Structures are given as C-alpha cells and as structure tokens.
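For reference, the structure discussed in these notes is given below.
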Amino acid sequence: MQKIKTIGILTTGGDASGMNAAIRAVVRTAIFNGLKVYGIKRGFRGLIDGEIEELGAQSVSGIINRGGTILKTIRCPEFKEKKNQKIAVENIKCFGIDALVVIGGNGSLAGGGALYYDWKIPVVNIPASIDNDLPYNDYTIGFDTAVNTALEAIDKIRDTATSHDRVFVVEVMGRDNGLIALEVALASGAEAVLIPEIKPDLKKVCELLDKGHRRGKHSSIIIVAEGVMSGYEAAKQIRKMTTGLEVRVSVLGYMQRGGSPTAFSRAIAARLGEKAVEVLLEGKYGKMVGVIGKDLIATDIKKVLRTKKTIDISDYQLVGVLSS
Ligand code: F6P
C-alpha cells in the first residue's frame, strides 16, 4: 500500500455551519502527522478546474467560529459525468495528492464514492449537512446549529403569536426528510409538525387548533418541512378548515444554513476531522466517518449510500402527546 504523504480537502453540496471547524481539524491533524495539505475550492468543480492550493496550519486560524466554508462549495451535477471525473483524477495526480477528504452531505458521498470505487482514489467522507440525513451517523456537522437557529426564531415568533392569539405556520428546511422539523418541533413545543415521511393530515391538525382555540389557547405553532408543502399552502388550507383563526406564515429558509456553529457542531467537526485523517493513515479507504453515541466509526461509502436514514416515529408521536 502506498504511504499517504499529501491529502486534498474539499467541501461540497449545501454549506453547513461547522464545515470550517472540520476543515481546521483535518488540516491541523494532517500537519501534526507530517502530511502536506491541499485545499480544493468549490467542491468537485475545483477538482475539475484545478482550483487547488496548499493550506498551512495558519490558513485555518480564526475560522472555527465562522459559518459557511472558506473552501467555498457548489452543487456539481456535472461531476456525475465520467469525462469530468477523469479530468479531476488527472488533477489529483498532477498535484501529487494521495488521498482526499470530502466534507458534505449526500452528493458528496456519491462523488467521493465514484472517485474511490471507479478511479481507486483513496477517499474519506465527513458528514456535514444541516439535514442530518446520513445513516451510520447520529449527527451531521451543522444540524445542531440549524436546529438552534430555527429555535431562536420560533421562540420569537411565539411571543408575537401569543400577543395576537394567532396560529403561525413555520416552514423549515428539509426537502426529503423531516429531521430538522421534528427536532425543532420537539424543542419549541410546537402544536403539530408536518414531515415528508408521514402523509400530512391537515384535517386532524385543524381539529386540534380549533379545540385549542375553544379552550382559550393563545398561540399555536405548526412546523412544516419544506418537502411536504410550502408554509403558505399549509396556512391557506388551515384558514379554510378552521373557524375564525388568524393564521400567519414565517419561512425560515437560508438563515438555517448560516451563522456561527454551536459548541456541539464544532466539537463533532473536530472529532470527525481528526478521525478522517486517522482512517486514511490506517489505510482504510472509501469510508464515511461518523459518530454513534460516543463512538467514532468508519463505514463503507457503498453501505451508507444504500441505506436511508429513518426518523424516530416516537419523536413524531411525542409532539402530538405534548401538544394535547
Ligand atoms: O441539503 C441542505 C439543504 O439546505 C436542504 O435542507 C434544502 O432543501 C437544500 O439544501 C436547498 O439547497 P439549494 O440551496 O441548493 O437550493
């Protein structure tokens, strides 16, 4: 097995707060172990374009508390094309990069997997996405920050909702899964949550709202994951199906992606960043590192790609129990 002396690092897909902390952890761990590190700009696009430059220990100073990613990121569908992968591999070789650390969500796994399985490039993925939708891992980098950002906004919305005796529909991110919505609903004391995994029953939600109103409830918050329907559509239907309730909408949108990472997002980034370099140095390639409970693990990318992370149905039921 060829000894790894130089690694490349990139961030790809939707940015997630804590990516910078992960970059810092990877760069510093690699340098500590005597490796040279190249930063690749704009995810897989930078690999194709050769937008690659060396990173020293100081180039990651002062970034642990910053949202976004200093390496920039992009969604890069063209990386699915073999001709572009070939150019990327040529650039990897040209810069003398022996292994790659790919930080990101689902798309980054697919790209990392292609480089490892089809082109034999040693790759390790680090799960970073606000969606928390990667299996074999409890928490993606950025999820906790996104949830706390949404929570801060919802606490404020609750104040105005209570003052006006209003119902608020709050739309949060989550195109394909309701993990953010569910966590936020539990933490904010929302009256109901609509998630893509469970067919929405707006009739039931409206009955709950009317019942609450009759017994003098002063505010209600309904969390909707964007993948179910828009907050505006949900509000329109709720207005039609309830009696005389004032309904307003707040779409939290991209604020969930930015901002300074929470302690939890930073600490997970530090641990996963170190683990990724360790895994490469042990000669284990084609893995995604993850955290399960207190354990750091490394799982084959193929296995991660084949598995869908599921929601905990008891969390969904708990939102209903606590709102009654
Ligand atoms: O994957 C993270 C995420 O923020 C999703 O929750 C959201 O649906 C999507 O990205 C939006 O992506 P884009 O900014 O590329 O439209």
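What whole number of Å gives the distance from the Cα centroid of segment 278-324 to the Cα centroid of segment 12-45?
One Cα centre to the other: 21 Å.
If I take every Cα pair under 8 Å that is 6 or more residues apart in segment 162-311, average their sequence separation and divide by the length, what percent do I get for the relative contact order?
Taking the mean separation of contacting Cα pairs over the length of segment 162-311, I get 27 percent.
Taking 0.36 nm per residue of sequence separation and subtracting the Cα-Cα distance, how much length would be gained by fully extending the chain between Gln317 and Ser59, in nm to one decimal?
Stretched out fully, the Gln317 to Ser59 stretch lengthens by 88.2 nm.
Where does the charge balance sit around Ser265 when Lys and Arg score +1, Asp and Glu -1, over other residues with C-beta under 15 Å from its C-beta?
Values: positive: Arg24, Arg66, Arg257, Arg266, Arg271; negative: Asp15, Asp131, Asp138, Asp144, Glu152, Glu183.
Value of the local net charge: -1.
Taking θ as phi - 60°, what are the ³J(HN,Hα) couplings along segment 298-306 by the Karplus curve (6.51, -1.76, 1.60), each to the nearest whole Hz, with x for Gly and Pro?
9, 10, 4, 4, 4, 5, 5, 5, 7
Among Ser163, Gly231, Ala190, flag the residue with its Cα farthest along the positive direction of the charge dipole of segment 144-257, charges on Cβ as +1 for Lys/Arg and -1 for Asp/Glu.
My answer, from the dipole projection, is Ser163.
Over segment 144-257, with the other protein chains present, what is the accessible area per residue in square angstrom, probe 1.4 angstrom? Spell out each step's value before the answer.
On the way: 5290 Å² over 114 residues.
For segment 144-257, the solvent-accessible area averages 46 Å² per residue.
Tell me the Kirkwood hydrodynamic radius of segment 1-70 in angstroms, computed as one over the mean inverse distance between distinct C-alpha pairs.
Across segment 1-70, the inverse of the average 1/r is 12.5 Å.
How do 288-295, 163-170, 23-30 rank on mean C-beta neighbours within 10 Å, highest first? Show your work: numbers first, answer last.
Values: 288-295: 16.6, 163-170: 19.9, 23-30: 25.0.
Most protected by this proxy first, the peptides run 23-30, 163-170, 288-295.
With a 1.4 Å probe and every protein chain kept in, tell me what percent of the accessible surface of segment 144-257 is carbon plus sulfur.
49
Please check: in the Gaussian network model of the chain (C-alpha springs, under 10 Å), which one of Ser108, Ser219, Ser61 has the largest mean-square fluctuation.
Ranking Ser108, Ser219, Ser61 by mean-square fluctuation puts Ser61 first.
Run through all the Cα pairs of segment 119-246 and give the fraction in each 5 Å bin from 0, expressed as whole percent.
For segment 119-246, the pair-distance distribution reads 2, 11, 19, 21, 17, 11, 7, 5, 3, 2, 1, 1, 0.
What whole-number value in Å² describes the accessible area per residue of segment 19-135 for a 1.4 Å probe?
With all protein chains present, segment 19-135 gives 39 Å² per residue.
Rounded to the nearest 500 deg cm²/dmol, what is the calculated helix-only ellipticity per residue at 222 nm for the chain, with -39500 (n - 2.57) per DSSP H run of length n ≥ 4?
Value at 222 nm, helices only, nearest 500: -13500 deg cm²/dmol.
Would you please give the residues with an amide H less than 5 Å from that of Arg75, counting only those at least 5 places away or on a separate chain, with H modeled from the backbone geometry?
Distant-sequence amide H within range of Arg75: Gly13.
Using a simple spin-label model with points 7 Å from Cα along the Cα→Cβ vector, what separation in nm is obtained for Ile292 and Arg248?
4.5
Distance between Cα centroids, segment 57-126 to segment 149-223: provide it in whole Å.
38
Whole-Hz Karplus ³J(HN,Hα) for segment 127-144, in order, using 6.51 cos²θ - 1.76 cosθ + 1.60 and θ = phi - 60°, x for Gly and Pro?
Working through the residues one at a time gives x, 9, 5, 5, 6, 6, 9, 9, x, 6, 6, 6, 9, 6, 5, x, 5, 4 Hz.
In this model, which of Lys83/Lys308; Lys3/Lys308; Lys72/Lys302; Lys80/Lys287; Lys5/Lys309 are farther than 24 Å apart at the alpha-carbon?
In this structure, Lys83/Lys308; Lys3/Lys308; Lys72/Lys302; Lys5/Lys309 exceed 24 Å between Cα atoms.
At a Förster distance of 45 Å, what's the computed FRET efficiency of Met241 paired with Lys3, Cβ-Cβ distance as r, to 0.05?
Efficiency, from the Cβ-Cβ distance: 0.10.
Could you give me D for segment 231-298, from Stokes-Einstein at 25 °C and 0.890 mPa s, where the hydrodynamic radius is the Kirkwood radius over C-alpha pairs? Units µm² s⁻¹, please.
For these conditions, the coefficient is 152 µm²/s.
How big is the chain by the Kirkwood estimate over distinct Cα pairs, in Å?
20.6
Given H placed 1.01 Å from N in the peptide plane, which residues other than close sequence neighbours of Ser129 have an amide H under 5 Å from its amide H?
Under 5 Å from the amide H of Ser129 lie the amide H atoms of Ile141, Phe143, each far enough along the sequence or on another chain.
The values are calculated or read from the model by the stated rules, or taken from the named source; none is laboratory data. A quick note: this is a predicted structure, and the numbers were derived from the prediction, not measured. Methodologically, a virtual Cβ is constructed for each residue, glycine included, from the backbone with ideal geometry; neighbour enumeration extends over all protein chains shown. Surface areas here come from the heavy atoms of the whole protein model, side chains and all, with no ligands, DNA or RNA. Shrake-Rupley method; radii C 1.70, N 1.55, O 1.52, S 1.80 Å.
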